[in-house]
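For reference, the structure is listed below as structure tokens.
The values are calculated or read from the model by the stated rules, or taken from the named source; none is laboratory data. Quick caveat: nothing in here was measured; it's all calculated off a predicted structure. All Cβ positions, even for glycine, are placed from backbone atoms using ideal geometry, and neighbour counts span all protein chains on display. Only protein heavy atoms, including side chains, enter the accessible area calculation; ligands, DNA and RNA are left aside. Shrake-Rupley method; radii C 1.70, N 1.55, O 1.52, S 1.80 Å.
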Amino acid sequence: MNFFFKSRPDTSWVSVGTASSFPDLGEDIGNLIESRLCDAHFRPGCKIFRVPKDNPSQTEEVFISPDSLESPITGDDLLNQVLVFQYRGKFHAVDHRCPHSAYPLSNGMPFDIEDFGVRLSAGLTCPKHGWSFDLITGMSDTGRYKLPVWEVQVRDKDGVHIVDPLRSDSDTKDRTVWVRRKQRIG
């Protein structure tokens, strides 16, 4: 038996819905949880899923009232939750819980990380203490806290083939978004 290639259950891919069900956030000011127009419907700017580490097949979406301007979930209830959203055409998935203050990041605001007007990356600000995290590396701008960042794939409607999310020749209704915890190496 080869123990080096054994798949761990917490590294399974999980479908989080069609790409067209995520509003593309950008210039608007507001937190992720606020409703926005998407595909002729008002939808929250993000989706939240509870993904058990020991059995990702039992993934369930956490619904928050569209009237709520803040996530009512706090503290340990945020464990094993992933926050998924689309910012400037790119899908991001991170832990819902701020690693510094255990506050729901769905109340946070995405922003561009720039240097001399050149967009280098994207970030997310936690409104509790104002700490920011890079959405690519997970590193915070203050202290040594690191936000767990999940892997994201955009696939065809059957979830079989990976699709280039920047290609405009296929309809977004024919795409699904999949996430998984980043695998630890070593």
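Data for the structure
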{"quantity": "Every residue from the range 104-153 that is without any contact (Cβ under 8 Å) to a residue 60 or more places away in the chain, hydrophobic (A, V, I, L, M, F, W, C) and over 22 Å from Val51 (Cα atoms)", "calculated": "Phe111, Ile113, Phe116, Val118, Leu120, Ala122, Trp131, Met139"}
{"quantity": "Every residue from the range 18-42 that is assigned to a strand (DSSP E or B), open to solvent by 20 Å² or more (accessible area, probe 1.4 Å) and not hydroxyl-bearing (Ser, Thr, Tyr)", "calculated": "Asp24, Arg36, Leu37, His41, Phe42"}
{"quantity": "Check on Gly89, surrounded by 15 or more Cβ atoms within 10 Å (Cβ to Cβ), in contact (Cβ under 8 Å) with a residue 60 or more places away in the chain and of a type in the set (Gly, Ala, Ser)", "calculated": "no"}
{"quantity": "Those residues of the range 13-31 which are touching a strand residue (DSSP E or B) at 6+ places or on another chain (Cβ under 9 Å) and modelled with pLDDT under 90, in sequence order", "calculated": "Gly26, Asp28, Ile29, Gly30, Asn31"}
{"quantity": "Subset of the range 43-77 that is modelled with pLDDT under 90 and aliphatic (A, V, I, L, M) - its residue that is most open to solvent (accessible area, probe 1.4 Å)", "calculated": "Leu69"}
{"quantity": "In the range 131-159, residue surrounded by the most Cβ atoms within 10 Å (Cβ to Cβ) [restricted to those that are at pLDDT 90 or above, of a type in the set (Val, Ile, Thr) and in a loop (DSSP other than H, G, I, E, B)]", "calculated": "Ile136"}
{"quantity": "Glu70 under 21 Å from Leu105 (Cα atoms) and without any contact (Cβ under 8 Å) to a residue 12 or more places away in the chain", "calculated": "no"}
